[in-house]
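Structure first, then comments.
The values are calculated or read from the model by the stated rules, or taken from the named source; none is laboratory data. All values derive from a computational prediction rather than experimental measurement. A quick note on method: Cβ atoms are made from the backbone with ideal geometry, for glycine too, and the neighbour counts reach across all protein chains shown.
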Amino acid sequence: MPLVGTKEMFKKAYDGGYAIGAFNVNNMEIVQGITEAAAELKSPIILQASAGARKYAKNAYLVHLVEAALDVCDIPIALHLDHGADFETCKSCVDGGFTSVMIDGSKYPFKENIELTKRVVDYAHEHNVVVEAELGQLAGIEDDVKVKANEAHYTQPDEVEEFVKSTGVDSLAIAIGTSHGAFKFKPEQCTRNADGILVPPELRFDILEEVEKRLPDFPIVLHGASSVIQKYVKIINDNGGALKDAVGIPEDQLRKAAKSAVCKINIDSDLRLAMTAGIRETMAAQPDVFDPRKYIGPGRAYIHELVAHKIKYVLGSDNKADEVMELINANK
């Protein structure tokens with residue numbers, strides 16, 4: 001099965017009240033854990049590469065790893081550039097086999113963001129590649145994306161119509177309170193439950209609802225949407241880690257978002273935590289192990305477990321692969 005774009009995925013997700021998981025990939029084991037879980041649950045997925053991933057693994061390796069997954073997993077898979085910083089980066093990915101790219105002009109003034117996004121859209125659409133853009137800016141750190149809390153700002157709903165109309169973009173990432181990294185909120189921004197666990201502030205669903213009204217039938221994207229699952233945080237900390245007060249987005253809020261106009265939910269930090277948990281747990285229990293397969297393998301198993309959980313209980317995309325492929329084939 002060849003790589004696909006995201007238009008049909010998002011159409012079905014929007015109409016069906018679910019979201020497509022966009023999982024960041026960096027190496028073979030992460031690709032395997034994600035795609036094998038998705039194949040078992042018959043879920044369409046997006047595999048995405050950040051600037052950091054492309055520097056680490058090289059573009060050609062990432063593309064061929066994903067193509068290898070297509071040989072063994074009979075599900076729709078899109079390959080997406082996450083946080084493209086400029087036109088040249090997006091063009092490189094369009095030319096290099098990606099089926100979807102994100103141009104992140106959120107750091108620029110509104111008009112400059114429009115100009116940059118439209119330039120990418122024009123080039124990508126000429127090559128049958130879809131484009132995601134961003135309005136508003138998330139706090140946090142993800143590879144080369146570093147935004148201080150005082151520089152972050154919510155999406156302004158009164159800007160979205162002009163932005164989408166002027167750029168022709170295919171989907172829009174908005175800022176409603178999600179954040180990059182494993183430390184999405186400072187303790188003082190949160191409350192603590194009876195068990196002493198930090199509870200973050202609720203997402204700004206009022207902004208999401210207003211955007212949905214202004215952009216009917218248009219796919220919305222949530223970045224920085226890892227939940228920082230405490231099971232993996234605990235395993236890491238119990239085995240020499242130091243992730244004090246790591247907190248993410250509650251999964252019930254993400255499920256609520258997935259039932260609305262949100263068609264794509266990005267997950268990166270949770271994958272990193274799952275992989276690290278498996279490696280630390282194994283190396284602590286078996287300090288004589290030096291075969292990478294014996295400690296990376298358990299990390300891959302935790303990624304498989306995590307992705308299966310997200311697909312079934314957060315995204316709601318299990319058993320949706322066939323309906324997506326039917327629409328793709330009908331549109332050929």
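Would you pick out the residues in segment 255-274 that are in contact with a Leu (Cβ under 9 Å, 6 or more places away or on another chain) and hydrophobic (A, V, I, L, M, F, W, C)?
Result: A257, A258, A261, V262, I265, I267, L271, L273, A274.
Give segment 225-268 a look and list any residue that's of a type in the set (S, T, N, Q), crowded, with 23+ Cβ neighbours inside 10 Å and modelled with pLDDT of 95 or more, or say none.
N266
Hey, among L254, L215, which residue is under 18 Å from M9 (Cβ atoms) and under 14 Å from the mean Cα position of the chain (by Cα)?
Among L254, L215, only L254 is under 18 Å from M9 (Cβ atoms) and under 14 Å from the mean Cα position of the chain (by Cα).
Which of the following residues is closer than 30 Å to S260 by Cα and of a type in the set (S, T, Y): Y295, Y302?
Y302
Test A284 against the stated conditions and say whether it is small (G, A, S), farther than 16 Å from N26 by Cα and touching a Phe, Trp or Tyr at 6+ places or on another chain (Cβ under 9 Å).
no
Taking segment 99-110, which residues are among the aromatic types (F, W, Y) and either part of a loop (DSSP other than H, G, I, E, B) or under 24 Å from F10 (Cα atoms) (or both)?
Y108
Taking the stated definitions as given, is V94 at pLDDT 95 or above, at negative phi and β-branched (V, I, T)?
Answer is yes for this residue.
Evaluate the following for S317: is it surrounded by 15 or more Cβ atoms within 10 Å (Cβ to Cβ), within 18 Å of G177 (Cβ to Cβ) and either within 24 Å of the chain's Cα centre (by Cα) or at pLDDT 95 or above (or both)?
no
Take the residues of segment 180-212 that are among the aliphatic types (A, V, I, L, M) and closer than 30 Å to K12 by Cα: which is modelled with the lowest pLDDT?
L203
Check whether at least one residue in segment 132-146 is modelled with pLDDT of 95 or more and surrounded by fewer than 15 Cβ atoms within 10 Å (Cβ to Cβ), and report yes or no.
Looking for residues that are modelled with pLDDT of 95 or more and surrounded by fewer than 15 Cβ atoms within 10 Å (Cβ to Cβ), one finds none in segment 132-146, hence no.
Report the residue count in segment 55-98 for those that are surrounded by fewer than 23 Cβ atoms within 10 Å (Cβ to Cβ), closer than 29 Å to F163 by Cβ and out of contact with any Phe, Trp or Tyr (no Cβ under 8 Å at 6 or more places or on another chain).
Residues that pass the stated criteria total 9.
Considering only residues that are under 18 Å from H223 (Cβ atoms) and surrounded by fewer than 21 Cβ atoms within 10 Å (Cβ to Cβ), which ones fall in segment 15-53?
Answer for segment 15-53, where residues must be under 18 Å from H223 (Cβ atoms) and surrounded by fewer than 21 Cβ atoms within 10 Å (Cβ to Cβ): A51, G52.
Can you find a residue in segment 36-50 that is on the phi > 0 side of the Ramachandran plot and at pLDDT 95 or above?
yes
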